[in-house]
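No lab work stands behind these numbers, since they all come straight from the coordinates. The model shown is predicted, which means the values in this text are computed figures rather than measured ones. Here the Cβ positions follow ideal geometry from the backbone for every residue, glycine too, while neighbour counts run over all protein chains shown.
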Amino acid sequence: MSPEYGQLLQSHASTRVSLRWLPEPPFENNETLVLMVGQWYVDLRVNKETGALDWAIAGQCLLKDNNPRRIVFTHTIDSHGNFNVSDPCPFIPLPDECDLETGAMSRPDVPGNPVTEYEEVWRYLSKDEIGMDQVEKPIAWILESDDNDPAHDSHQGTKTFLARIEGRYLALQQMCIHSKDQSGDQDKIICEVSAKSEEFADGHWRVKHTLGLGNVGLPSICNDFEDHDQHSWEVPGEIVTVGWRRYIVRAFETTEKLSKPTQLAKF
């Protein structure tokens, strides 16, 4: 990592309150959950009315600076197929303890996907909302699939991220297949995304969302983590096996303290 970037000092979970495409009024059509641990994030957005996947992204979240806090996001997984690095996105504190994110990005609901200025309001989930008081040992981690895994089919380019903060769990998987267009000349990338969301409530884990054809093969925290001591995943870069696949521990934290991130750690 470049020394110009830092990381969020504490893990946190957040949800979006509203989206505004300028100059139109704000609205909210999605149920969104973002899990951030260290310099990594997993973000799932599901349409409230249809239950369909709206956007799934995962990668690194690199803190550029403070005052205002600005974050650069990489898109290792992106269901819209935009595998880019974002411009630094300002997050401006609001009086109600939410944050206002501003910037410009492709607008998928308009033909041609024009780059449009936007505003998003984000709210940080409380300890009760993430089930922190229901778990014996607070924990947060993010795993990324190991491309060097002998069982990994690199030809199909499948990438998986798993993330947990307390009683919230997300799993995203994207398979990118290269093919030729009708002329046979230009290489096209067809990306299929699957997702799974689970949450801990009333003393047990339950499935909240299963999306995409490949969701059946995604690890479930209800069934696939029983033989793992998740509190031993303390070393970033460590290789662990979940189900049939190897993963790299990208970030780990014991989260006795959970709050909105306000500080910058320089490296």
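Below is a table of values for the structure above.
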| read-out | value |
| --- | --- |
| Extended-chain gain in nm, criterion 0.36 nm per residue less alpha-carbon gap, SER106 and LYS127 | 4.2 nm |
| Cα gyration tensor shape of the range 6-127, rounded if a/c is under 1.5, else prolate or oblate by comparing a/b with b/c | rounded |
| Point-charge dipole on Cβ atoms (K/R +1, D/E -1) for the range 6-127, about Cα centre, debye to 20 | 320 |
| Distance in nm between pseudo-label sites at GLU192 and THR50 (7 Å out along the Cβ direction from Cα) | 1.9 |
